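Student: Provided herewith is a single structure, encoded as structure tokens, for subsequent inquiry.
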Amino acid sequence: MFNATIRPRRLRAGDTLRRMVRETRVSPDSLVYPVFIAEGAHIYQEIPSLPGQFHYSPDELPRLVERLQQHGVSRVLLFGLPAQKDPLGSSAWDENGVVQQGIRRLRELLPDLYIITDVCMCEYTSHGHCGVLCGNEVDNDRTLERLAAIACSHARAGADMVAPSDMMDGRVAAIRDALDRSGFQSLPIMAYSAKFASSFYGPFREAAGSAPAFGDRRSYQMDWHNAREAMRECALDIGEGADIIMVKPALAYLDLIHEARARFDLPLAAYAVSGEYAMTKAAAAAGLIDEYGVMCESAIAVFRAGADILITYYACELADAMRAGVIG
Ligand code: PBG
């Protein structure tokens with residue numbers, strides 16, 4: 001017969017009680033908001049592949065600042081869309097490049113904003129690959145010096161943290177060394193450590209115009225069959241001086257977030273990428289799901305798995321949900 005002594009439902013009676021026994025606690029302090037800065041002027045345009053997200057030219061950044069303040073989001077991850085691309089991606093380390101301009105403008109507008117920059121080449125190269133080409137191959141070691149130059153130029157423009165997303169071997173060490181030699185010993189590195197060659201990046205590549213012109217990214221981004229290798233990538237980045245490690249994408253990689261949390265002591269970030277956001281938006285627009293519920297549940301899944309930091313296009317809405325006590 002049913003044993004009535006043990007009744008888990010007792011602790012589910014009423015919101016006040018349920019909130020007391022919640023196991024996963026979250027706060028808007030854990031959220032990072034990705035932002036696309038477009039070179040030019042008077043650009044404030046919704047991104048078709050990412051409904052509700054915008055391209056901002058530097059002069060339009062007051063609109064972003066207003067949005068951040070309205071929702072109490074204090075941390076951003078910047079991506080740049082340059083006006084010109086070339087095979088070397090040289091605008092990426094230009095002192096007056098689009099991200100560098102954006103950093104300086106945001107710093108003026110909101111001095112306390114915590115500015116993280118994505119360090120990669122794919123938005124800047126005409127071929128769309130994340131590094132310097134040698135024939136049709138991405139040349140790992142020649143790319144390292146370029147990545148280091150990009151990171152230093154972001155630091156000089158006023159970035160608080162750099163986040164290399166290119167997946168070249170040895171890039172954390174190269175960037176750490178260059179930052180240190182430029183006087184930025186205290187500037188932390190958040191490494192996209194376990195970054196997979198994922199189909200979930202589609203809407204981002206649309207937004208950033210960064211789809212590879214030929215081939216794909218499987219010679220540098222990870223094969224999504226591999227979990228042990230993901231841990232190896234995390235360990236390597238930690239050994240090279242990463243301050244924060246990352247698993248990306250998030251929702252399809254909860255096992256790796258869980259495993260990285262168990263193995264490593266560093267703060268752990270997860271990136272809920274463009275495809276995760278766009279799928280939720282599309283399913284909601286089709287009337288198939290409740291967007292708010294799916295957004296909240298997906299975010300909590302990532303924290304429950306062990307992430308400390310969530311990079312998400314829903315940062316503003318999630319910050320509101322956390323403050324309202326719907327989650328957290
Ligand atoms: C740059 C970069 C990408 C993303 C973050 N940094 C694209 C890619 O690797 O193709 C994806 C972010 C997203 O999908 O939201 N390398």
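Here, each number is a calculation from the coordinates, and none is a lab measurement. This is a predicted model, so every value here is computed, not measured. Heads up, the Cβs are rebuilt from the backbone with ideal geometry, glycines too, and the neighbour counts pull from every protein chain shown.
Student: Please compute one quarter of the surface area of the Cα convex hull for the stretch 247-328 and express it in square nanometres.
Tutor: One quarter of the hull surface, i.e. the mean projection, equals 5.2 nm².
Student: Right, something else. Report the gain in length on full extension from residue 42 to residue 108: 0.36 nm times residue separation, minus Cα-Cα distance, nm rounded to one decimal.
Tutor: Contour length minus the Cα-Cα distance gives 21.9 nm.
Student: Among 157-167, 134-144, 250-260, how do they line up by average Cβ neighbours within 10 Å per residue, starting with the highest?
Tutor: 157-167, 250-260, 134-144
Student: Separate question: Which of these, 276, 95, 108, has the largest mean-square fluctuation under a Gaussian network model of the chain (Cα springs below 10 Å)?
Tutor: Looking only at 276, 95, 108, the biggest GNM fluctuation is shown by 108.
Student: Next up: Across 10 Å bins from 0, what is the distribution of all Cα-Cα pair distances for the stretch 118-165, in whole percents?
Tutor: Taking all Cα pairs of the stretch 118-165, the binned fractions are 28, 52, 18, 2 percent.
Student: What are the semi-axes of the equivalent ellipsoid for the stretch 12-144, taken as the square roots of 5 times the Cα gyration tensor eigenvalues, largest first, in whole Å?
Tutor: For the stretch 12-144, the semi-axes come out at 35, 20, 13 Å.
Student: Over all directions, the average projected area of the alpha-carbon convex hull for the chain comes to how many nm²?
Tutor: Values: hull surface 75.7 nm².
Hull-based average projected area comes out at 18.9 nm².
Student: Whole Å is fine, so just give me how far the alpha carbon centre of the stretch 9-36 lies from that of the stretch 294-316.
Tutor: A separation of 11 Å, based on Cα centres.
Student: If you average the alpha carbon positions of the stretch 185-223 and of the stretch 53-116, how far apart do those two centres end up, in angstrom?
Tutor: The two parts, judged by their Cα centres, are 19 Å apart.
Student: Let me ask something additional. Using Cα pairs under 8 angstrom and six or more residues apart, how large is the relative contact order of the chain, in percent?
Tutor: Taking the mean separation of contacting Cα pairs over the length of the chain, I get 18 percent.
Student: Then there is this: Is it possible to state the helix-based mean residue ellipticity at 222 nm for the chain, with each DSSP H run of 4+ residues giving -39500 (n - 2.57), the sum divided by total residues, to the nearest 500 deg cm²/dmol? What is it?
Tutor: -11500 deg cm²/dmol
Student: Right, here's the next one. Computed FRET efficiency, Cβ-Cβ of residue 206 and residue 265, R0 41 Å: what is it to the nearest 0.05?
Tutor: Step by step, r from the Cβ atoms, then E = 0.65.
Student: Let me ask something additional. If I stretch the segment between residue 292 and residue 4 completely, what's the gain in nm (0.36 nm per residue apart, minus their alpha carbon distance), one decimal?
Tutor: Between residue 292 and residue 4, full extension yields an extra 100.1 nm.
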